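Enquirer: Shown below is the structure under consideration.
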Amino acid sequence: MERTKIAIIGMGTVGTGVAKLLLDHGDRTARHAGRIPWLDKVVVRDITKPRDVEIPEGVLTDNLDDVINDSEISVVAQLIGGIEPARSIMLQLLESGKDIITANKALLAVHGPELFDKARQLGRCIAFEASVAGGIPIITNIGQCLTGNQITSLRGILNGTCNFIITQMQETGASYDDILQEAQKRGYAEADPTLDVNGADTTQKLSILSQLAFGVREDWERIPCMGIDTLDIADIHFADRLGYRIKLLAVANLVDGEVEMSVSPTLIKKGNPLAEVQDAFNAVRVRGDAVGPVFFHGQGAGQMPTASAVVADIIDTVVGRSQITFNNLELWSESNRPISMADANHTVDRYYLRMQVIDKPGVMAEITGILGNNGVSIASIIQHKRENGSSSETVPLVIMSHETTHGSIIHSVSEFTQSDNIESQAVVYKVL
Ligand code: NAP
Ligand code: HSE
């Protein structure tokens with residue numbers, strides 16, 4: 001059987017998984033590709049560093065030129081994280097005639113237009129299934145299988161680290177820091193885990209999905225984003241008592257020709273499939289005008305689930321499918337009619353509010369008055385009891401609103417800060 005020479009750049013969590021699949025399951029990849037995707041070179045920074053996979057002699061190198069200058073290597077999996085040197089390496093690889101597979105969503109969210117234009121100019125392709133939702137084939141599904149539809153909404157739990165942290169906080173009561181360390185040990189977290197927990201990683205993934213589904217070409221940093229780094233265990237428990245789970249949810253809705261987009265901790269009713277997504281699993285609910293709702297669920301981070309997506313892209317590129325899809329999709333292309341992002345202040349949702357208030361007559365009336373003046377209608381209100389033996393004069397007050405605009409909630413919260421009866425900033429989360 002003929003061979004196609006493959007190279008991997010970067011031998012971390014994902015690169016190691018990809019090497020394992022190519023080396024240990026060559027028969028499987030060859031069967032699907034109709035030829036052998038042959039691992040010819042692996043570029044690392046330090047060839048003496050111990051690796052979790054046995055790399056055949058002569059494959060490991062610390063010289064990128066060994067790939068660039070080998071015209072027989074036509075397909076490269078670029079598995080370095082961050083922006084630089086990943087961007088420069090991608091450009092060099094494209095210029096030397098390689099088709100590229102990447103899992104680097106940060107790079108695509110920031111430099112997608114430049115990289116995709118360059119690939120189109122040079123007649124090359126970039127495949128990026130692993131960049132969103134790890135092992136779930138969401139890019140292929142939106143980019144190929146659902147193209148008979150106008151996608152009208154996307155809702156996703158897109159960060160395995162955050163979902164792992166929230167699930168473990170709820171179920172084991174372990175501390176946030178200990179759980180984050182465990183997520184790093186398991187290979188879920190980014191090299192800089194701040195990007196996971198502050199919502200940046202989820203927002204970058206949402207910007208990629210929204211480009212694919214709606215043609216939104218928006219700077220990912222303009223998408224309203226709140227992470228889980230300030231999530232308090234108290235809110236997980238209050239939500240639980242109300243029948244909800246909190247998830248870091250990415251949302252994009254097509255409304256009147258614009259797309260409403262946001263990433264924030266969100267209360268989701270127990271029993272909703274999104275509320276039941278546990279640990280490092282991800283889920284995406286896509287609604288198309290023809291197909292209706294479609295739900296995808298699977299492991300969103302970790303070595304082998306992500307390698308599964310990268311190797312599928314390698315096979316598609318060896319077969320020639322990726323090139324066809326890449327040319328037809330015209331992602332981040334000038335010729336694609338861009339759709340703009342809607343003004344976040346006008347989006348309508350239900351809200352969960354929690355504040356610590358002085359336990360005395362008139363306070364409730366003040367709070368409901370502020371909400372009423374801003375047009376926010378209350379669905380339920382619970383004033384929790386003071387802890388037994390607590391010397392604090394304040395108690396937690398939890399309010400669930402009816403549907404209201406984001407602007408009305410923001411105005412109300414800013415008025416709360418003027419009150420001497422409300423301690424600290426109110427917690428505000430959307431309710432799905
Ligand atoms: P990682 O474990 O930090 O691995 C990155 C590797 O790149 C490291 O081994 C690093 O080498 C290597 N590297 C950095 N600069 C290099 C250079 N100039 N030349 C050669 N190698 C270089 O990261 P990862 O988890 O595998 O993630 C890789 C990419 O996949 C990231 O973009 C990430 O966002 C994305 N991703 C990850 C997952 C996941 O679950 N982990 C899932 C989906 C997507 P050293 O070993 O010398 O540091
Ligand atoms: N750090 C990412 C996560 C990896 O936890 O979801 C998968 O993109």
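The values are calculated or read from the model by the stated rules, or taken from the named source; none is laboratory data. The structure presented is a predicted model; accordingly, all values stated were derived computationally and were not measured. Virtual Cβ from ideal backbone geometry, glycine too; neighbours counted across all protein chains shown. Ligands, DNA and RNA are stripped out before the accessible areas are found, and what is left, the full protein with its side chains, is counted by its heavy atoms. Shrake-Rupley method; radii C 1.70, N 1.55, O 1.52, S 1.80 Å.
Enquirer: Residues in the range 209-229 that are in contact with a Ser or Thr (Cβ under 7 Å, 6 or more places away or on another chain), in a helix (DSSP H, G or I) and open to solvent by 60 Å² or more (accessible area, probe 1.4 Å): how many? Even if it seems obvious, please write down each step before you answer.
Expert: Step one: filter the range 209-229 for residues in contact with a Ser or Thr (Cβ under 7 Å, 6 or more places away or on another chain), giving 216, 218, 220, 223-226.
Now narrow it down to the ones that are in a helix (DSSP H, G or I): 220.
From what is left, the residues that are open to solvent by 60 Å² or more (accessible area, probe 1.4 Å) are none.
Total meeting the criteria: 0.
Enquirer: Taking the range 183-210 as the region of interest, how many residues are near ligand 1 (Cβ under 9 Å from one of its atoms), more than 28 Å from residue 339 (Cα to Cα) and at pLDDT 95 or above?
Expert: Selection size over the range 183-210: 5.
Enquirer: Confirm whether residue 121 is more than 20 Å from residue 110 (Cβ to Cβ), away from ligand 1 (no atom under 16 Å from the Cβ) and of a type outside the set (Lys, Arg).
Expert: Details: more than 20 Å from residue 110 (Cβ to Cβ): no; away from ligand 1 (no atom under 16 Å from the Cβ): yes; of a type outside the set (Lys, Arg): yes.
Criteria not met by residue 121.
Enquirer: In the set 144, 168, which member is buried (at least 19 other Cβ atoms within 10 Å of the Cβ) and more than 14 Å from residue 249 (Cα to Cα)? Write out each step before concluding.
Expert: Working: 144 fails: buried (at least 19 other Cβ atoms within 10 Å of the Cβ).
That would be 168, the only listed residue that is buried (at least 19 other Cβ atoms within 10 Å of the Cβ) and more than 14 Å from residue 249 (Cα to Cα).
Enquirer: Looking at the range 157-167 only, could you name the residues that are over 12 Å from residue 228 (Cβ atoms) and either in a helix (DSSP H, G or I) or of a type in the set (Asp, Glu) (or both)?
Expert: Keep residues of the range 157-167 that are over 12 Å from residue 228 (Cβ atoms), which gives 158, 160.
Correct list: 160 only.
Enquirer: Shifting gears a bit: List every residue pair whose Cβ atoms sit under 8 Å apart, with the two residues 6 or more apart in sequence or on different chains, where the first one lies in the range 410-431 and is closer than 18 Å to residue 375 by Cβ and the second, anywhere, is among the acidic types (Asp, Glu) and modelled with pLDDT of 95 or more.
Expert: The qualifying pairs are 430/349; 431/349.
Enquirer: Of everything in the range 267-320 that's within 16 Å of ligand 1 (Cβ to nearest atom) and of a type in the set (Phe, Trp, Tyr), which residue is nearest to residue 148 (Cα to Cα)?
Expert: Step by step, filter the range 267-320, then rank; the result is 296.
Enquirer: Right, something else. Name the single residue that is most open to solvent (accessible area, probe 1.4 Å) among those in the range 178-208 being outside any loop (DSSP other than H, G, I, E, B) and under 19 Å from residue 305 (Cα atoms). Even if it seems obvious, please write down each step before you answer.
Expert: Taking the range 178-208 first, the residues outside any loop (DSSP other than H, G, I, E, B) are 178-185, 194-197, 200-208.
This time we only want the ones that are under 19 Å from residue 305 (Cα atoms), so: 182-185, 196, 201-202, 205.
Details: 182: 59, 183: 0, 184: 84, 185: 163, 196: 2, 201: 2, 202: 0, 205: 11 Å².
My answer is 185.
Enquirer: When you go through 314, 367 one by one, which is the residue that is more than 25 Å from the chain's Cα centre (by Cα) and in contact (Cβ under 8 Å) with a residue 24 or more places away in the chain?
Expert: 367
Enquirer: Filter the range 365-388 down to residues that are at pLDDT below 95 and within 20 Å of residue 235 (Cβ to Cβ), then give me how many there are.
Expert: Residues in the range 365-388 being at pLDDT below 95 and within 20 Å of residue 235 (Cβ to Cβ): 6 in total.
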